[in-house]
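Visitor: Let me give you the structure first, and then I'll get to my questions.
The values are calculated or read from the model by the stated rules, or taken from the named source; none is laboratory data. Predicted model, so just to flag it, every value in this text is computed and none were measured. Virtual Cβ from ideal backbone geometry, glycine too; neighbours counted across all protein chains shown. Side chains included, ligands, DNA and RNA excluded: accessible areas come from the protein's heavy atoms. Shrake-Rupley method; radii C 1.70, N 1.55, O 1.52, S 1.80 Å.
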Amino acid sequence: MTKIAVAKGDGIGPEIMDAVLSIFNAAKVPLEYEFVDMGKWVFDKGYSNGMTPEAQSAIESVGILFKGPMETPKGKGVKSVNVTARKTWNTYANKRTFQTLHGVDTVFSKAGIPIDVTIVRENIEDTYGGIEHMLTQDVALSRRFITRPGSLQVIKYAFEMAKKKGAKRITCGHKANIMKITDGLFLEVFYEVAKDYPELKADDIIVDDLCMKLVSRPDLFDVVVLTNLQGDIVSDLCAGLVGGLGFAPSANIGDHISIFEAVHGTAPDITGKNIANPTALLLSGFGMLRHLGLMETSAMIENALLYTLESGVHTGDFGDKSTQSLNTTEFAQAIIGNFGKVPAHHPRPVLSNHYVTPTNFKLEKNPMLETVEKDDQYIVGVDMFIESNEQPNQIAEKCLQHTMGLFKLVTISNRGTQVWPTGSVFTNLVNQFRCRFESIGEVPVTQTDIVELYKLMITDYKVASTEILNVWGGKKAYSLAQGQ
Ligand code: NAI
């Protein structure tokens, strides 16, 4: 029997988890549960990451966590246990499947437009590192990391999953028209990986166009892969298409540890009333069973759920308000009572179970993800982010005195828009400028040259941060200012 870790969570968590496990037990799902302590009361006991050391070691040894929603205490300077868990264990792919469920009325179900979209969202990087600084009293900066190895992990997972699912199309959503280097890298990796999957139609779409098309023709999409923040927004949009968060399962997939959970929160307004809808957690449970190779068991319970929904049975949060709603326990019992039944619409194919090697192994050290670096790389300059409320010409005058005969001042920009050597007086300024110095003739310079330039610049300005300008493979590894 495969062992998994189960954290019931806070609020309605224990109610919906008990309901789901009662369904699993009735179906004789061959899993052994190790219940672990995570969530609000664990924070309250003083564990700042929201889990006990015993919980962490149990999850790391079994490799699978099935979890209910958890509350993050407000204003105590602690981070969400949900986000900590995803990041600590490198569950790099967030997979969320959105399907029409008969019995759950939506605009699309009424119009007869079927939805079956899977969103794969990168789960670690992007602005979710939370690396943020105030550069001046007026200017906040968030660092957005998109890495080649991180993109490779999630995109390879998306292609592999799409192939197994029998998908025809895989689409990369992005904003590479604006963020040419970060989203550009993600898109480049997408098409690199696509070469290994000629059977899949791989294409890309700008994320705003994607949103517009998803709400008008969701049936055109199959698997969509996105960076973290864009994926976060697009996946909740898709939840809305199929009936809300109560029907939105989620899987956080990593190489060693994977986490299965519902997307909704702890619903404090209905906690303890036994009226919560366990469907999203149950759907997440199906994802977990399939991940563990328990295809037949998963399809049998899923068909019972679909049959139950089709027959109009519902909890209080959805369905026909003129018919009596069931409470959480009764809803679970109704599903159990429908074991063996097959829904009229989109029954799940019953594939046979296959054995999946458990992922419980220990790592000796942190895996280093690194792709081969090009050897023809060198530094050609630096961007200095300075605090100033002067006019661009005054700043340029001072900067030009510090170039040491080695650098040229190429551009000054404010909020990314060039304001020197050319620009417009109609551009509003904030008290933070980016001054770009490049070496004359773009010859290689050293970090020591940059430190010397820095020492001169700080005689006039507070330099809030710097970024080195690299050239790799003959190409500039930095963006131009708008208007440059
Ligand atoms: P929420 O999802 O808990 O509630 C929003 C609304 O949806 C409420 O009216 C609630 O009653 C309803 N609802 C949610 N799940 C339901 C279900 N299964 N059945 C019936 N109705 C349901 O979102 P909210 O209020 O923003 O967050 C409450 C807490 O949950 C916060 O502490 C938050 O940090 C936490 N949270 C945890 C998540 C996780 O563990 N993955 C995700 C989102 C929020």
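Visitor: Kindly establish whether Leu21 is surrounded by 16 or more Cβ atoms within 10 Å (Cβ to Cβ), without any contact (Cβ under 8 Å) to a residue 40 or more places away in the chain and in the same structural domain as Ser325 (by TED's automatic domain parsing).
Guide: Spelling it out, Leu21 is indeed surrounded by 16 or more Cβ atoms within 10 Å (Cβ to Cβ), without any contact (Cβ under 8 Å) to a residue 40 or more places away in the chain and in the same structural domain as Ser325 (by TED's automatic domain parsing).
Visitor: When only residues in the stretch 255-273 that are of a type in the set (S, T, N, Q) and open to solvent by less than 50 Å² (accessible area, probe 1.4 Å) count, which is farthest from the ligand (Cβ to nearest atom)?
Guide: First, the residues of the stretch 255-273 that are of a type in the set (S, T, N, Q): 258, 266, 271.
From the residues that got through so far, the ones that are open to solvent by less than 50 Å² (accessible area, probe 1.4 Å) too are 258, 266.
On the way: Ser258: 15, Thr266: 4 Å.
Filtering the stretch 255-273 for residues that are of a type in the set (S, T, N, Q) and open to solvent by less than 50 Å² (accessible area, probe 1.4 Å), the one farthest from the ligand (Cβ to nearest atom) comes out as Ser258.
Visitor: Just name the residue that is nearest to Gly265 (Cα to Cα) out of those in the stretch 31-54 that are in contact with a strand residue (DSSP E or B) (Cβ under 7 Å, 6 or more places away or on another chain) and away from the ligand (no atom under 16 Å from the Cβ).
Guide: Phe35
Visitor: For Ala176, only one of the following conditions fails: (1) farther than 26 Å from Phe108 by Cα; (2) open to solvent by less than 40 Å² (accessible area, probe 1.4 Å); (3) touching a residue at least 40 places away in the same chain (Cβ under 8 Å). What is its number?
Guide: (3)
Visitor: Please verify whether Ser325 is open to solvent by 40 Å² or more (accessible area, probe 1.4 Å), among the hydroxyl-bearing types (Ser, Thr, Tyr) and within 16 Å of the ligand (Cβ to nearest atom), treating the condition exactly as stated. Walk me through how you get there before you give the answer.
Guide: On the way: open to solvent by 40 Å² or more (accessible area, probe 1.4 Å): yes; among the hydroxyl-bearing types (Ser, Thr, Tyr): yes; within 16 Å of the ligand (Cβ to nearest atom): yes.
Against the criterion (open to solvent by 40 Å² or more (accessible area, probe 1.4 Å), among the hydroxyl-bearing types (Ser, Thr, Tyr) and within 16 Å of the ligand (Cβ to nearest atom)), Ser325 qualifies.
Visitor: If Ile440 satisfies all but one of (1) in contact (Cβ under 8 Å) with a residue 40 or more places away in the chain; (2) in contact with a strand residue (DSSP E or B) (Cβ under 7 Å, 6 or more places away or on another chain), what's the number of the condition it fails?
Guide: With respect to (1) in contact (Cβ under 8 Å) with a residue 40 or more places away in the chain; (2) in contact with a strand residue (DSSP E or B) (Cβ under 7 Å, 6 or more places away or on another chain), Ile440 is out only on (1).
Visitor: Pick from Val107, Val154: which is open to solvent by 40 Å² or more (accessible area, probe 1.4 Å) and either out of contact with any Cys (no Cβ under 7 Å at 6 or more places or on another chain) or in contact (Cβ under 8 Å) with a residue 24 or more places away in the chain (or both)?
Guide: Going through Val107, Val154 in turn, the sole match is Val107.
Visitor: Moving on to the next point. Cβ contacts < 7 Å: first residue closer than 17 Å to Ser479 by Cα, restricted to the stretch 399-427; second residue among the aliphatic types (A, V, I, L, M) and modelled with pLDDT under 95, any location; separation 6+ or different chain. Result?
Guide: Note: pairs meeting the criteria are Thr411/Ala481; Ser413/Ala481; Gly416/Ala481; Thr417/Ala481; Gln418/Ala481.
Visitor: If Ser284 passes every condition in (1) modelled with pLDDT of 95 or more; (2) within 11 Å of the ligand (Cβ to nearest atom); (3) surrounded by fewer than 21 Cβ atoms within 10 Å (Cβ to Cβ) but one, which one does it miss?
Guide: Unmet condition: (3).
Visitor: Run down Leu226, Leu289 and say which single residue is more than 15 Å from the ligand (Cβ to nearest atom) and in contact with a Gly (Cβ under 6 Å, 6 or more places away or on another chain).
Guide: The unique qualifying residue is Leu226.
Visitor: Answer with yes or no whether Asp460 is touching a residue at least 40 places away in the same chain (Cβ under 8 Å), farther than 20 Å from Gln484 by Cβ and surrounded by 15 or more Cβ atoms within 10 Å (Cβ to Cβ).
Guide: Against the criterion (touching a residue at least 40 places away in the same chain (Cβ under 8 Å), farther than 20 Å from Gln484 by Cβ and surrounded by 15 or more Cβ atoms within 10 Å (Cβ to Cβ)), Asp460 qualifies.
Visitor: On to the next question. So, in the stretch 441-453, exactly how many residues are exposed (fewer than 15 other Cβ atoms within 10 Å of the Cβ) and either in contact with a Ser or Thr (Cβ under 8 Å, 6 or more places away or on another chain) or hydrophobic (A, V, I, L, M, F, W, C) (or both)?
Guide: Residues meeting the conditions: 2.
Visitor: Working only within the stretch 55-85, note down all residues that are open to solvent by 30 Å² or more (accessible area, probe 1.4 Å), closer than 16 Å to Asn252 by Cα and at pLDDT 90 or above.
Guide: Glu60
Visitor: Still on this structure, I have one more. Show the residue pairs meeting these rules: Cβ distance below 9 Å; 6+ apart or different chains; first residue within the stretch 274-303 and outside the structural domain of Ala239 (by TED's automatic domain parsing); second residue more than 15 Å from the ligand (Cβ to nearest atom) and among the polar types (S, T, N, Q).
Guide: Sorted first by the residue in the stretch 274-303, then by its partner, the list stays empty.
Visitor: Return a yes/no flag: does the stretch 376-390 have any residue that is in a loop (DSSP other than H, G, I, E, B) and more than 27 Å from Met179 (Cα to Cα).
Guide: yes
Visitor: Is it true that some residue in the stretch 365-374 is under 31 Å from the mean Cα position of the chain (by Cα) and surrounded by 13 or more Cβ atoms within 10 Å (Cβ to Cβ)?
Guide: Of the residues in the stretch 365-374, the ones under 31 Å from the mean Cα position of the chain (by Cα) are 365-374.
So of that shortlist, the ones also surrounded by 13 or more Cβ atoms within 10 Å (Cβ to Cβ) come out as 369.
Scanning the stretch 365-374 turns up at least one residue that is under 31 Å from the mean Cα position of the chain (by Cα) and surrounded by 13 or more Cβ atoms within 10 Å (Cβ to Cβ).
Visitor: Here is a further query. Go through (1) in contact with a Ser or Thr (Cβ under 9 Å, 6 or more places away or on another chain); (2) not in a strand (DSSP E or B) one by one and return the number of the condition His133 breaks.
Guide: (2)
Visitor: From the set of residues in the stretch 55-77 that are away from the ligand (no atom under 11 Å from the Cβ) and not small (Gly, Ala, Ser), which is nearest to Glu302 (Cα to Cα)?
Guide: Filtering the stretch 55-77 for residues that are away from the ligand (no atom under 11 Å from the Cβ) and not small (Gly, Ala, Ser), the one nearest to Glu302 (Cα to Cα) comes out as Phe66.
Visitor: Something else: Go through (1) surrounded by 14 or more Cβ atoms within 10 Å (Cβ to Cβ); (2) farther than 30 Å from Phe385 by Cβ for Leu135 and report which single condition fails.
Guide: (2)
Visitor: Is the stretch 382-403 home to any residue that is open to solvent by less than 50 Å² (accessible area, probe 1.4 Å) and of a type in the set (Gly, Ala, Ser)?
Guide: Pass one, the stretch 382-403, residues open to solvent by less than 50 Å² (accessible area, probe 1.4 Å): 382-386, 388, 390, 392, 395-396, 399, 402-403.
Now drop any that are not of a type in the set (Gly, Ala, Ser), which leaves 388, 396.
Yes, because at least one residue in the stretch 382-403 is open to solvent by less than 50 Å² (accessible area, probe 1.4 Å) and of a type in the set (Gly, Ala, Ser).
Visitor: Please state which of the following conditions Asn252 fails to meet, knowing it meets all the rest: (1) at pLDDT 95 or above; (2) open to solvent by 30 Å² or more (accessible area, probe 1.4 Å).
Guide: (2)
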